[in-house]
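Asker: Before we start, here is the structure in question, set down as structure tokens.
Here, each number is a calculation from the coordinates, and none is a lab measurement. What you see is a predicted model; the values in this text were computed from it and never measured. Glycine also receives a Cβ, built like all others from the backbone with ideal geometry; neighbour counts cover every protein chain displayed.
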2 protein chains.
Amino acid sequence: MKQTQLFTKTKKESPADEVSLNAELLIRAGFISKEMAGVYSYLPLGLRVIKKIEDIIRDEMNKIGGVEMRTSVLQNKEVWEKSNRWDDEVVDNWFKTKLKNGGEVGLSFTNEEAYADILKQYISSYKDLPVYPYDFKNIFRNETRSKSGILRGREFYWKALYSFSKDEAEHNVFYEKAKDAYKNIYKRAGIGHLTYLTFASGGTFSKFSHEFQTITGAGEDLIYVDENRGIAINKEVYNDEVLESLGLKKEDLVENKAVEVGNIFSLGTKFSTPFDLKYKDENGEEKLVIMGSYGIGLGRLMGTVVEVLSDDKGIIWPESIAPFKVHLLMLGGDQSVKTEALKIYEELKMKGVEVLFDDRVDTSAGEKFADSDLIGIPYRVVVSKRSLADGGFEVKKRIETNGKIVPFDKLMEEF
Amino acid sequence: MKQTQLFTKTKKESPADEVSLNAELLIRAGFISKEMAGVYSYLPLGLRVIKKIEDIIRDEMNKIGGVEMRTSVLQNKEVWEKSNRWDDEVVDNWFKTKLKNGGEVGLSFTNEEAYADILKQYISSYKDLPVYPYDFKNIFRNETRSKSGILRGREFYWKALYSFSKDEAEHNVFYEKAKDAYKNIYKRAGIGHLTYLTFASGGTFSKFSHEFQTITGAGEDLIYVDENRGIAINKEVYNDEVLESLGLKKEDLVENKAVEVGNIFSLGTKFSTPFDLKYKDENGEEKLVIMGSYGIGLGRLMGTVVEVLSDDKGIIWPESIAPFKVHLLMLGGDQSVKTEALKIYEELKMKGVEVLFDDRVDTSAGEKFADSDLIGIPYRVVVSKRSLADGGFEVKKRIETNGKIVPFDKLMEEF
């Protein structure tokens, strides 16, 4: 894509009320636009990142048997009353609105009830199980505090998968697969080395739930990390009894601030009971379905990557989720430079390399370099009179300080 | 995909309150699930159709210079007050909700204000124009009447593109391109032959807007079609003066019920004025940006296809937007049948042919045929003892009455 086709520009400043690093960088670089506290629109560059994250998550969910669907945002009061989660006294972050011809509806703040209600139509026999439906959708939470940029939105884009299993044993097998799928997601998104499977409070049906926590000063959680075992424990369950049950020793644990980038829950029959979600087993006996939930916020993951992988010049995208692989900079208005830049732009596109081409003519080299560092595309390719005189293009990775001259006919080998 | 992995099943009945053909067929076939009047969730089969429609629209928008982004659903009151469209007296189908820490927000019912507000940050010079951003998003309209299935939802998934041009001339060039892109969309989605560019009321800044109307008894609009010229006129502008200005003669026009499957508007400076959306031209003179809007509802398009392309047995999907290209039916529990069916299933997948494999073992041939007709996948391939004895597979198009036996080694040539 040519930069002149992209309508966004980098900015020197982010909004005065924006205190989080992720939102500041993403706004200045033109990835997101702030609508109000906790609500952002995704500009073209930002949407490209979200879609790459979405593709990674979809791939990992499909690999473990997930089936994609899409539930509605508007939610039926009667459905949520079944599980006693309609009342604002019980769930305090609903957004609710009124139908013009009477009656209140809610905006999805999570999806257990919607899924249990839909699956109830289709599950009746052991032959119908297990199933693993999931969706990507916008979720709405009426947060009073929204100072963390896209780490905690009032509106955010997430993936949630729900597992429907015949029994605990079948559930546990899938739950372990989901753990691995989640680990793959963070690895592929470039933050695997900072992300820990973390034991957290389990609720009614299991001792623990599992969070995936990424270490960053921007995090709102406190976790205790055992580096050797590669696991962590959330402060909420940090006590002697739990430590012992997990075989963890206090002296091996390091306290860290972290952000929860995903969580998985064993729900047991918590939702299948109120929704009367049952199946007939091989012997014709009626049994309750065992459920699990597996959530991940795409904006939060994107924001976490920015928090942990940036420097004082801007963002440093991992190649897997970068909006483009190559940022091609044309410096100066010289005709030979223009010709070479356009030629290499077309060639990169033809070879399937995603390239953002800074074809602006009235912009100084200094500005272009600064913009490129701020936007954070992994590879920078510079075409200038100097590079041409040196026999090619200057190629520099975003993470490196110095570039190198690559001859015309060798450039494609770099990507 | 194997049908046993898909959790949905066909149904004999749709909800009692469902009166529209599109919703009845889509619910019975397992494409959508009704949450409440005018609100549906997309089940796996339905989401596959929506995504194919989305891909066609995206492709056509990108071809005319569109840049994809994604605006938020939650909308800021102050932004909409600028154009005087916040007040319920002015716009009567808002869904509004309250922030927990004070203040009202709206749910997007359209996108002009959101775009004008965002683009205002980036447009200042003639060099920044034209630009054509668009998004796919959920739109919410507080309709009192919701009896048309996915033709008119309270929540629906749509694409809207907004054009930002320097002057009327530049705007008009793009507007004509958009017309052609829209025609391509309907042609590619299989309803081009029933869809007419229709002159409708234009609003403040142009004599006409243009709708795309598909002829169907399920439509809520009345249009007058000139078959020879391939255009139509909406009842709302059907008068002698307009007929004359368009060179249309009453005697050439046929009245039809039709559903509006898309619309394009010239907005002039209607929104750039309140948002003070200006640019400096080559001479340093400040001018207002000229806007246009180009909308299309994906659910409505999907529902229209169902309304016009179905028979008494079920849906007949055009190949371009079908959930799968091939429905592979394994009949009977014979081992040779199972082996051959699985072999051909794997081969089709390997060749990149999208196939739904009815691998259910306890389901009768009659049920499988009925399900297949209801779901409406373009090609049906049957593997049975009889087909194997006849030397291959029975291949039948959904639109045909009789199938034919295709030898094992010739099957791939069919697709």
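Asker: Give me the distance in nm between label points sitting 7 Å out from Cα along the Cα-to-Cβ direction at A:Glu286 and A:Lys120, one decimal.
Answerer: 1.3
Asker: Something else about it: For segment A:304-384, calculate the relative contact order in percent as a whole number, restricting contacts to Cα pairs under 8 Å that are 6 or more residues apart.
Answerer: Answer for segment A:304-384 is 48 percent.
Asker: Which of rounded, prolate or oblate describes segment B:324-414 when judged by the alpha-carbon gyration tensor and an a/c cut-off of 1.5?
Answerer: Numbers: a/c = 1.21, a/b = 1.01, b/c = 1.19.
It comes out rounded by the Cα gyration axes.
Asker: Separation of segment B:184-239 and segment A:21-61 by C-alpha centroid, Å?
Answerer: Between the Cα centre of segment B:184-239 and that of segment A:21-61, the gap is 37 Å.
Asker: Contact order normalised by length for segment A:1-146, with contacts defined as Cα pairs under 8 Å and 6 or more residues apart; what percent is it? The partial results should precede the final answer.
Answerer: Working: 144 pairs, mean separation 29.5, N = 146.
Worked out over segment A:1-146, it gives 20 percent.
Asker: If you don't mind, there's one more thing I want to ask. How big is segment B:85-164 along each principal axis, measuring the range of its Cα positions in Å and listing the largest first?
Answerer: That gives 47, 35, 22 Å along the principal axes, largest extent first.
Asker: How large is ³J(HN,Hα) for each residue in segment A:87-97, as worked out from phi by the Karplus curve 6.51 cos²θ - 1.76 cosθ + 1.60 (θ = phi - 60°), to whole Hz, x for Gly and Pro?
Answerer: 4, 5, 6, 8, 10, 9, 10, 5, 9, 10, 8
Asker: Picking from B:Tyr238, B:Tyr379, B:Tyr132, which is most flexible by a Gaussian network model of chain B using Cα springs under 10 Å?
Answerer: Between B:Tyr238, B:Tyr379, B:Tyr132, it is B:Tyr238 that shows the largest mean-square fluctuation.
Asker: When each copy gets a label point 7 Å from Cα toward the beta-carbon at A:Lys77, what are the spacings between them in nm, shortest first?
Answerer: Here the equivalent label points are 2.3 nm apart from this one.
Asker: Which percent, to the nearest 5, of DSSP beta bridges fully inside segment A:20-149 are antiparallel?
Answerer: Roughly 80 percent of the DSSP beta bridges within segment A:20-149 come out antiparallel.
Asker: Using Cα pairs under 8 angstrom and six or more residues apart, how large is the relative contact order of chain B, in percent?
Answerer: 16
Asker: Lys/Arg Cβ at +1, Asp/Glu Cβ at -1, dipole of the protein assembly as shown taken about the Cα centre: which of B:Gly106, B:Trp80, A:Asn283 is farthest positive-ward?
Answerer: Comparing the listed Cα positions along the dipole, A:Asn283 ranks first.
Asker: Which shape class applies to chain B: rounded if a/c is under 1.5, otherwise prolate when a/b exceeds b/c and oblate if not, where a ≥ b ≥ c are the square roots of the Cα gyration tensor eigenvalues? Present the calculation step by step, with values, prior to reporting the outcome.
Answerer: Values: a/c = 2.08, a/b = 1.90, b/c = 1.10.
Prolate is the answer for chain B, as a/c is 1.5 or above and a/b outweighs b/c.
Asker: Mind checking which aspartates and glutamates have their C-alpha under 12 Å from A:Lys179, skipping anything on the same chain fewer than 8 residues away?
Answerer: A:Lys179 reaches A:Glu60, A:Glu211.
Asker: Which of the listed residues, B:Ala160, B:Leu25, A:Ile375, is farthest toward the dipole's positive end in the protein assembly as shown, when Lys, Arg count +1 and Asp, Glu count -1 at the beta-carbon?
Answerer: Of B:Ala160, B:Leu25, A:Ile375, it is A:Ile375.
Asker: Still on this structure, please answer the following. Charges at C-beta only: +1 for Lys and Arg, -1 for Asp and Glu. How large is the resulting dipole of segment B:119-214 about its Cα centre, in Debye rounded to 20?
Answerer: 400
Asker: Between B:Glu244 and A:Met412, how many nm apart are label points set 7 Å from Cα along the C-beta direction?
Answerer: 6.5
Asker: Which of the aspartates and glutamates could be linked to B:Lys82 by a straight reach, that is with a Cα gap under 18 Å, when you skip same-chain ones fewer than 8 residues away?
Answerer: Within reach: A:Glu35, B:Asp92, B:Glu104, B:Glu112, B:Glu113, B:Asp117, B:Asp276.
Asker: With +1 assigned to the C-beta of every Lys and Arg and -1 to the C-beta of every Asp and Glu, and no other charges, what is the dipole magnitude of segment B:324-414 about the Cα centre in debye, to the nearest 20? Intermediate values should be presented prior to the final figure.
Answerer: Details: 15 positive and 17 negative charges, 29 e Å.
About 140 debye.
Asker: Continuing with this model, one more query. What is the packing order of peptides B:337-348, A:70-81, taking the mean over residues of other C-beta atoms within 10 Å and listing the highest first?
Answerer: Most protected by this proxy first, the peptides run A:70-81, B:337-348.
Asker: Divide by every residue of chain A the summed helix terms, -39500 (n - 2.57) for each DSSP H run of at least 4, and state the resulting mean residue ellipticity at 222 nm, rounded to the nearest 500 deg cm²/dmol.
Answerer: Helices in chain A give a 222 nm mean residue ellipticity of -8500 deg cm²/dmol.
Asker: Can I ask one more? Excluding same-chain residues fewer than 8 positions from B:Lys250, which aspartates and glutamates have a Cα within less than 13 Å of its Cα?
Answerer: Hits, sequence-local ones excluded: B:Asp226, B:Glu227, B:Asp240, B:Glu241.
Asker: Please get the size of the charge dipole for the protein assembly as shown, origin at its Cα centre, with Cβ charges of +1 on Lys and Arg and -1 on Asp and Glu, quoted in debye to the nearest 20.
Answerer: 920
Asker: Taking 0.36 nm per residue of sequence separation and subtracting the Cα-Cα distance, how much length would be gained by fully extending the chain between B:Asp312 and B:Glu255, in nm to one decimal?
Answerer: Difference between extended and current length: 17.9 nm.
Asker: Also: Apply the Karplus curve 6.51 cos²θ - 1.76 cosθ + 1.60, θ = phi - 60°, to the phi angles in segment A:29-41 and return the couplings in whole Hz, x for Gly and Pro.
Answerer: Listing the rounded values in order: 7, x, 8, 9, 10, 7, 8, 6, 4, x, 10, 10, 9 Hz.
Asker: Which of the DSSP-defined H helices in chain A satisfy a minimum axial length of 24 Å, computed from C-alpha atoms, and a minimum mean Kyte-Doolittle hydropathy of -0.5?
Answerer: Flagged H segments are A:44-63.
Asker: Which distance in Å, rounded to a whole number, links the C-alpha centroids of segment A:99-176 and segment B:381-401?
Answerer: 40
Asker: Modelled label-to-label distance, A:Lys207 and A:Lys385, 7 Å Cα→beta-carbon offset: nm?
Answerer: Simple spin-label model gives 7.2 nm for this pair.
Asker: Would you mind checking the pairs A:Lys120/B:Lys147; A:Lys120/A:Lys287; A:Lys137/A:Lys159; B:Lys98/B:Lys270 and listing those with alpha carbons more than 18 angstrom apart?
Answerer: Those over the limit are A:Lys120/B:Lys147; B:Lys98/B:Lys270.
Asker: Could you give P(r) for the protein assembly as shown, binned at 10 Å from zero, as whole percent values over all Cα-Cα pairs?
Answerer: 2, 12, 20, 24, 21, 14, 6, 1, 0, 0
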